[in-house]
1. So, Glu103, is that one in a helix (DSSP H, G or I), among the acidic types (Asp, Glu) and within 24 Å of Ala645 (Cα to Cα) or not?
2. Take the residues in segment 457-475 that are part of a loop (DSSP other than H, G, I, E, B) and crowded, with 24+ Cβ neighbours inside 10 Å; name whichever of them is farthest from the ligand (Cβ to nearest atom).
3. Quick one: in segment 113-134, of everything that is aliphatic (A, V, I, L, M) and free of Cβ contacts under 8 Å to residues at least 40 places away in the same chain, which residue is surrounded by the fewest Cβ atoms within 10 Å (Cβ to Cβ)?
4. I'd like the full set of residues that are more than 16 Å from the ligand (Cβ to nearest atom) and under 21 Å from Ala369 (Cβ atoms), limited to segment 481-526.
5. When residues of segment 509-531 are filtered for being exposed (fewer than 15 other Cβ atoms within 10 Å of the Cβ) and under 25 Å from the mean Cα position of the chain (by Cα), how many remain?
6. Which pairs do you get when a residue that is more than 18 Å from Leu637 (Cα to Cα), found in segment 448-465, comes within reach of a residue that is part of a helix (DSSP H, G or I) and within 14 Å of the ligand (Cβ to nearest atom), reach meaning Cβ atoms under 6 angstrom, with the pair 6+ apart or on two chains?
7. Out of Ala200, Ala147, which single residue is closer than 30 Å to Arg265 by Cα and free of Cβ contacts under 8 Å to residues at least 60 places away in the same chain?
Amino acid sequence: MTNPLLAGWTGPFELPPFAEIRDEDFAPAFEAALTEARANIATIAENPEAPSFANTIEAMELAEGLLDRVAGVFYNLAGADSTPAREALMRDLAPKMAGFASEVTMNRPLFARVAALWEGREGLALTAEQARVLELYYKMFIRSGAALEGEAAARMSAVKERLAVLSTAFSQNLLADERDWFRPLAEEDLEGLPEFVVEAAREAGRERGAEGPVLTLNRSLIVPFLQFSPRRELREIAYEAWTARGANGGPTDNRANAAEILALREERARLLGYPSFAAYKLEPEMAKTPEHVRDLLMRVWAPAKARAEADGEILARMMHADGLNGALEPWDWRYYSEKRRVAEHDFDEAALKPYLSLEAMIGAVFDCAHRLFGLEFRELDGPFYHPDVRGWEVTRNGHHVAVFLGDYFARGSKRSGAWCSALRSQKKLGGETHPIVVNVCNFTKGSPALLSHDDARTLFHEFGHALHQMLSDVTYQFVSGTSVARDFVELPSQLNEHWLDVPEVLEKHARHWQTGEPMPKALRDKLLAAGTYDQGFSTVEYIASALVDLEFHDGAAPADPMAKQAEVLAAIGLPHAIRMRHATPHFSHVFSGDGYSSGYYSYMWSEVMDADAFAAFEETGNPFDPATAKRLEACILSKGGSRPADEEWLDFRGKMPGVEALLKGRGLLDAA
Ligand SMILES: [Zn+2]
């Protein structure tokens, strides 16, 4: 019997034949695909002809076609519908895939061909997109150390290996600390806690074999506990335990790991000729330099701190009115902030939900995409990879654009969170290829399924990533869709969130699922006002973390990261009652891998862009302004990574954004 993953996919839209694929097909399919990719890479590297763009770069673009196809199906399934067999295969594949990637970048004859093309690029008569793709390939080789020789090359491998060991240890220590700490709660300790918190504490107790409810360090339990528990001494114990993760001494302490990781990263950057790890890491990003990142963070810092200090005074007065003296402490903030929120902004989430049915919100997000970009959606008959998954053909002016799959409901086999992935990316090389894009969410099932406002925002967010994939119009997969700088990739998604809160969108789509009535205006106003609540606090705790991350990697690595952290926070004057969102010993964005190292600022960078991009629509007086939408698609959404992010942005907007739109969006403008 032939392996359906390896056969040609001839069904409608060349979708993977989901119904025919069995788990045991994946391992042999990966073997075959890796063998084929290896053979293709060897053929390119050993080609006796002089290197050309076509026989080297384009050939590499096509070398892993089968591997991409098998991996696209597998990794989506492994995340969205995992089984023990799929998990085992994922563990098995991790070193194989990493090994193959490093084989490619460490292939000397292959690198020599790419380097020769790069040196002679002026004479190649390349299109702008080809020139960009060549540059990205060349830099990928250089940045992974392909040009190093002898001792430097050996040292680079040793540094990378050690970093992989240390970052795994960092994650595992953190997991151990989070798993091991819990505190039994007596009946009187449950005072003031809403039913859902009590339930979660009882469930946590059952999981740990305790007699009754327990408090754990799980964010979804400890944050509401800090919000609702009136027992100050318990809040203090809980908060201190939560923020001590990774810094408890003994075998799970992460402080020495952090120091060694920082030192090795600096060494790695210096081996490649960069003055610091931040300089190395930021080079391909839109921000480009540590100075640009610092400048952004500090411009937002001042108004955020001013707002947080003013809010802190109000909360301290509330605490004093409770008969407690002294300063507001970090374990008091969430408790008094929640009381204030109820007093000033409360609305009943339960009253909101009937207006936000999943069906209505899918209608809203499709309608916005239609009004902005002319896209049309026709639901397809499944089945897809799970009975809950729905699919649509996306067309424009009668032409096929993409297939969009929506996998919206939580289930035990799905990892948490929400994401967008492409089972197939858009490209033109080797024949026009239309994308297959999936949005995966974790909404609660119901009849009908009703969303919270946060859920609806997630739906719009992930669909923004999907638009970036579906509207992609490039030749090379290397720069397709969301293959852009990390500090640019959240722009389309965060921008798309803005349309959810456009009053006419709510008016048209946020209708009661039974009566069809629009959401009452008072409820809508409260909903929109609540969006900026306590943003001084959130912004301050975020920037504190982003700045420490940046200073860790800019310049010489600190021998004592905890002392460096204290120094950075003292210099900006972090308010007493607020601490870093993630302190160093549990800052996994930065230490459990390289992804967000000297990159934690990216969230705010993207927010500056999305706020200013939406302002471009608002300035026309029409949130669906056709000319602005057309420019957004032409300059950004269709271009993927085929141009540097700052050039795409300047084409769209004409100037780099200030922080005003972000401050306005966070309600911090009058604190500036
Ligand atoms: Zn996102």
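The values are calculated or read from the model by the stated rules, or taken from the named source; none is laboratory data. Every value quoted in this text rests on a predicted model; they were computed, and no experiment measured them. Glycine also receives a Cβ, built like all others from the backbone with ideal geometry; neighbour counts cover every protein chain displayed.
1. Numbers: in a helix (DSSP H, G or I): yes; among the acidic types (Asp, Glu): yes; within 24 Å of Ala645 (Cα to Cα): no.
For Glu103, the condition - in a helix (DSSP H, G or I), among the acidic types (Asp, Glu) and within 24 Å of Ala645 (Cα to Cα) - is not met.
2. Of everything passing the filter in segment 457-475, Val474 is farthest from the ligand (Cβ to nearest atom).
3. Narrowing segment 113-134 to residues aliphatic (A, V, I, L, M): 114-117, 124-126, 128, 131, 133-134.
Imposing the further condition that a residue be free of Cβ contacts under 8 Å to residues at least 40 places away in the same chain reduces the set to 115, 125, 131.
Values: Ala115: 16, Ala125: 9, Ala131: 16.
The qualifying residue surrounded by the fewest Cβ atoms within 10 Å (Cβ to Cβ) is Ala125.
4. Step one: list which residues in segment 481-526 are more than 16 Å from the ligand (Cβ to nearest atom), which gives 501-526.
Once the filter is applied, which keeps residues that are more than 16 Å from the ligand (Cβ to nearest atom) and under 21 Å from Ala369 (Cβ atoms), segment 481-526 yields Asp501, Val502, Pro503, Glu504, Val505, Leu506, Glu507, Lys508, His509, Ala510, Arg511.
5. Taking segment 509-531 as the starting set, the residues that turn out to be exposed (fewer than 15 other Cβ atoms within 10 Å of the Cβ) are 514-517, 520-522, 525, 528-529, 531.
Pick out the ones that are also under 25 Å from the mean Cα position of the chain (by Cα) and you get 528, 531.
The number of residues fulfilling the criteria is 2.
6. Arg457/Glu497
7. Values: Ala200 fails: closer than 30 Å to Arg265 by Cα.
Only one candidate passes the filter, namely Ala147.
Residue by residue, here is whether (1) of a type in the set (Phe, Trp, Tyr); (2) surrounded by fewer than 15 Cβ atoms within 10 Å (Cβ to Cβ); (3) part of a helix (DSSP H, G or I); (4) away from the ligand (no atom under 16 Å from the Cβ) holds:
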site	(1), (2), (3), (4)
Arg378	no, yes, no, yes
Phe384	yes, no, no, yes
Asp388	no, no, no, yes
Arg411	no, yes, no, yes
Ser416	no, yes, no, no
Ser421	no, no, no, no
Gly446	no, yes, no, yes
Asp455	no, no, yes, no
